[in-house]
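The values are calculated or read from the model by the stated rules, or taken from the named source; none is laboratory data. Note that the structure is predicted; figures quoted are calculated from it, not measured. Methodologically, a virtual Cβ is constructed for each residue, glycine included, from the backbone with ideal geometry; neighbour enumeration extends over all protein chains shown.
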Ligand code: 13P
Ligand code: SF4
């Protein structure tokens, strides 16, 4: 898909509710809490470096989420990039990109701001981008305009001589940080003690670990080491079917909502999907619940998608007759139930592109994508379900100033912000990633 540049400054319409505040660094086991209220700010769009110096996710929909320790932080950005005008940055990025030619490929996630998407050679969802790097064998460097777990995945799937760069190291994912290796290992040991390790007479193991792509390389490695697999929002059902052919239960992390929405669409009752909360003794799951479980759901969530509510859907239906409500599977089950369609970012993009002119869509996903879709499809009416449109505060960390900085360094032969994964981890993580890549993703599949 060709990149699309939009003139609309994508945060202009965001309602300012509260000044940004920096969060204090938490401990290694995040205390999980309920979704934040409607706190949102446009400050991050202008100058993310003001927030990157302190640990915290900054303003935006994930601002109240607990921080992982030690969370990657972006060291200082030189003043010449912080102070450059948008026009100057545009010229510098284009010039560096031309000079680097085929040695460079820029990947952009759908949630990136338009000021970044315009420079991307590939735009897509996390699954498409994981594969995109493989299609440019001549590229020496992959600049990943997305978040940390995506760049890590590209680093593990690309050739060893290719370099992967994340323009701003503070571009993490608060949901990915809700499961860490210690907590998952602890959970696994408790489950193993309770359920044993051996296969049953049908050859199925007691538990298969399945991690959402939104997770650290070490958790992907955990899955590879324990006969598990990675999934994305575009192939979660196919992956769960694969897992159930090999195991009696699935431990699904970190996003409880993707796990629940997908498993329920497969006919698994809620009573067989207990939630494992790592901050509670025994995960808050009784031995009986664990034995009866088909899917153990990790207590993680995406604060961006937790903002969407059934009341917003009802309001959209009152306002527009014939509106189609389409949401991402990271939304709650109640929202998915009330919606007309559910699927990955790519599913949403394709559903809107395929609709007859004059369609009306209320979309429950990150605002940059919704605004871009509205601009690309003037034949439709497209709006965000949430009127206080909070961006993903970590996706917003990628600003043209950081992109210009890393590209100009590349021209000088310097690879700033290189993302690497130790080979001992990558070897195991690739097992879980390759298991996923071998499963043909059901094209444009929704989660329910
Ligand atoms: P996709 O897998 O649909 O790209 O979504 C990634 C993500 O971070 C959604 O919040
Ligand atoms: Fe993570 Fe949510 Fe942002 Fe996606 S939208 S990168 S899940 S915080």
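The table below lists the values:
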{"item": "Residue count for region 233-270, restricted to those that are part of a helix (DSSP H, G or I), away from ligand 2 (no atom under 16 Å from the Cβ) and over 16 Å from residue 299 (Cα atoms)", "result": "12"}
{"item": "Residue within region 159-178 that is part of a helix (DSSP H, G or I), away from ligand 2 (no atom under 16 Å from the Cβ), in contact (Cβ under 8 Å) with a residue 60 or more places away in the chain and surrounded by fewer than 24 Cβ atoms within 10 Å (Cβ to Cβ) present", "result": "no"}
{"item": "The lone exception for residue 346 - which of (1) buried (at least 17 other Cβ atoms within 10 Å of the Cβ); (2) in contact with a strand residue (DSSP E or B) (Cβ under 7 Å, 6 or more places away or on another chain); (3) at pLDDT 95 or above it fails", "result": "(3)"}
{"item": "Helices (runs of 4 or more DSSP H) (entirely within region 287-340) containing at least 3 residues that are buried (at least 21 other Cβ atoms within 10 Å of the Cβ), on the phi > 0 side of the Ramachandran plot and within 16 Å of ligand 2 (Cβ to nearest atom)", "result": "none"}
{"item": "Of the criteria (1) crowded, with 22+ Cβ neighbours inside 10 Å; (2) assigned to a loop (DSSP other than H, G, I, E, B), which one residue 230 fails", "result": "(2)"}
{"item": "Given (1) modelled with pLDDT of 80 or more; (2) within 14 Å of ligand 2 (Cβ to nearest atom), index of the condition residue 49 fails", "result": "(2)"}
{"item": "Residue within region 359-378 that is within 18 Å of the chain's Cα centre (by Cα) and part of a loop (DSSP other than H, G, I, E, B) present", "result": "yes"}
{"item": "In region 353-372, the residues that are crowded, with 21+ Cβ neighbours inside 10 Å and touching a helix residue (DSSP H, G or I) at 6+ places or on another chain (Cβ under 9 Å)", "result": "361, 362, 363, 364, 365, 366, 368, 369, 370, 371, 372"}
{"item": "Scope region 385-416; condition within 16 Å of ligand 1 (Cβ to nearest atom) and either part of a loop (DSSP other than H, G, I, E, B) or surrounded by fewer than 24 Cβ atoms within 10 Å (Cβ to Cβ) (or both); matching residues", "result": "385, 386, 389, 390, 391, 392, 393, 394, 398"}
{"item": "Looking only at region 187-212, and only at residues there that are assigned to a helix (DSSP H, G or I) and exposed (fewer than 14 other Cβ atoms within 10 Å of the Cβ), the one that is farthest from the chain's Cα centre (by Cα)", "result": "193"}
{"item": "Residue match in region 426-438 (condition: closer than 30 Å to residue 78 by Cα, in contact with a helix residue (DSSP H, G or I) (Cβ under 8 Å, 6 or more places away or on another chain) and surrounded by fewer than 21 Cβ atoms within 10 Å (Cβ to Cβ))", "result": "no"}
{"item": "Which numbered condition residue 107 misses (of (1) modelled with pLDDT of 95 or more; (2) more than 25 Å from the chain's Cα centre (by Cα))", "result": "(2)"}
{"item": "Per-region count, region 55-85, residues touching a residue at least 60 places away in the same chain (Cβ under 8 Å) and either outside any loop (DSSP other than H, G, I, E, B) or touching a strand residue (DSSP E or B) at 6+ places or on another chain (Cβ under 8 Å) (or both)", "result": "2"}
{"item": "Which listed residue is under 30 Å from residue 233 (Cβ atoms), touching a residue at least 12 places away in the same chain (Cβ under 8 Å) and in a helix (DSSP H, G or I), from 96, 120, 151, 139", "result": "151"}
